[in-house]
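Comments concern the structure below.
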Amino acid sequence: MTIKSKKLVTLDEYIIQSQNRFPGATGELSQLLRDIGLAAKIISREVNKAGITNILGNDGSTNVHGESVKRLDLFADQQLISALDRSLITCMVISEENDGIVKLNSEGGKYIVYLDPLDGSSNIDVNVSIGSIFSIYMRQPRFGKELVEEDALQPGTRQVAAGYVLYGSSTIMAYTTGMGVSAFTLDPSIGEFILSNDNYQIPTHGRIYSINEGSYNSWEPGLKKYIKYCQKDDAETGRPYSARYIGSMVADLHRTLVQGGIFIYPSSKKYPEGKLRLMYECNPHSFIIEQAGGMAIDGKKRILEIEPHSIHQRTPIFVGSPENVKMVKSFMEEYAEEPA
Ligand code: AHG
Ligand code: MN
Ligand code: MN
């Protein structure tokens, strides 16, 4: 009898195999990614039974951005931070849920981790996909100096790894260390993330645009014209494009990675700098999309090259298939001088 079985590769095996390709690697980044994987499993379990435990709803407080904090935001924040603290590799964490830097027990640890512990909070109570986002930097050597916020202010090009976990119809963890994008699907029956794609490539052109159109009236003229272009009939480019907007960046970006198209969160009257956070929303997603062959800009320049001035700063973002991003950029350049 011959046994035909598909080889299953777990997240932990994959991380170790990848590490073995680098003879000098210390294994610390591998450990850090495994720590995040463990926290993701715990958060996923809690998300799945959220309706029957007492974890839905508001915590009663507001975070540094004045947004109301959900209980699940805090649960995810605590799980991720304590997983990172346990292995003594990370010296500090910057999280959406914490005003300043969070110093961990290993002040000598060589990694700095940014977190959006729970992305898509407004979708928590309505059973729509949510996520977690992480971005990892190396601490720069500054001998004898105490850890300060400035140590964390590095451009996205310096990320050593970044990724997200999507709690959707299944739980998926995707990450990059700068050598392509790999994704793993959680098999809840065995409690393991199993490799489902080890080289995502975003389509060069996609037929989906994703933006909160409720803010249409306060967009710049070039963006308004681009969205009208997306809605116009044209068989050759597959227009009109479809509109899809989930309201959880992780879910919208995962769809963009798989199916192509464009995701936009522009500046508007309500959010003059854009709404999304550079360091723990835009940089990690931009790193992933670029690694898959896509593009991410703030309207003019590459997101990853923005020199950060503050850990919670915001930026407009236009991200997705290269042809779509180039097209919206050309619209904004053409109509830059036009009155709104
Ligand atoms: P968070 O839940 O971490 O605060 O992020 C919410 C973000 C992001 O996930 C999403 O793309 C965006 O907010 C949606 O904002 P609008 O409701 O303004 O469209
Ligand atoms: Mn978010
Ligand atoms: Mn969040």
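Laboratory data are not the source of any read-out in this text; all were calculated from the coordinates shown. The model shown is predicted, which means the values in this text are computed figures rather than measured ones. As a convention, Cβ positions derive from the backbone with ideal geometry for all residues, glycine included, and neighbour counts pool all protein chains shown.
Scanning the stretch 102-114 for residues that are of a type outside the set (D, E, K, R) and under 18 Å from G156 (Cα atoms), which turns out farthest from ligand 3 (Cβ to nearest atom)? So, considering only residues that are of a type outside the set (D, E, K, R) and under 18 Å from G156 (Cα atoms), the one farthest from ligand 3 (Cβ to nearest atom) is Y111. Across the stretch 237-288, the qualifying residues are those that are in a loop (DSSP other than H, G, I, E, B) and among the small types (G, A, S), and the one among them that is surrounded by the fewest Cβ atoms within 10 Å (Cβ to Cβ) is G238.
Within the stretch 271-308, being more than 16 Å from ligand 2 (Cβ to nearest atom) and of a type in the set (D, E, K, R) holds for E290, D298, K300, K301, R302, E305, E307. In the stretch 242-257, the residues that are of a type in the set (D, E) reach residues that are surrounded by 16 or more Cβ atoms within 10 Å (Cβ to Cβ) with C-beta atoms within less than 7 angstrom, at least six apart or across chains, in these pairs: D252/S210; D252/Y245; D252/I246; D252/F263. Can you tell me which condition P203 does not meet? The list is (1) outside any strand (DSSP E or B); (2) within 21 Å of R158 (Cα to Cα); (3) not polar (S, T, N, Q), and all the others hold. Condition (2) is where P203 drops out. Taking first residues from the stretch 91-113 that are free of Cβ contacts under 8 Å to residues at least 40 places away in the same chain and partners that are away from ligand 3 (no atom under 16 Å from the Cβ) and charged (D, E, K, R), the Cβ contacts under 8 Å between residues at least 6 apart in sequence or on separate chains come to L104/D85; N105/D85; S106/D85; G109/R139.
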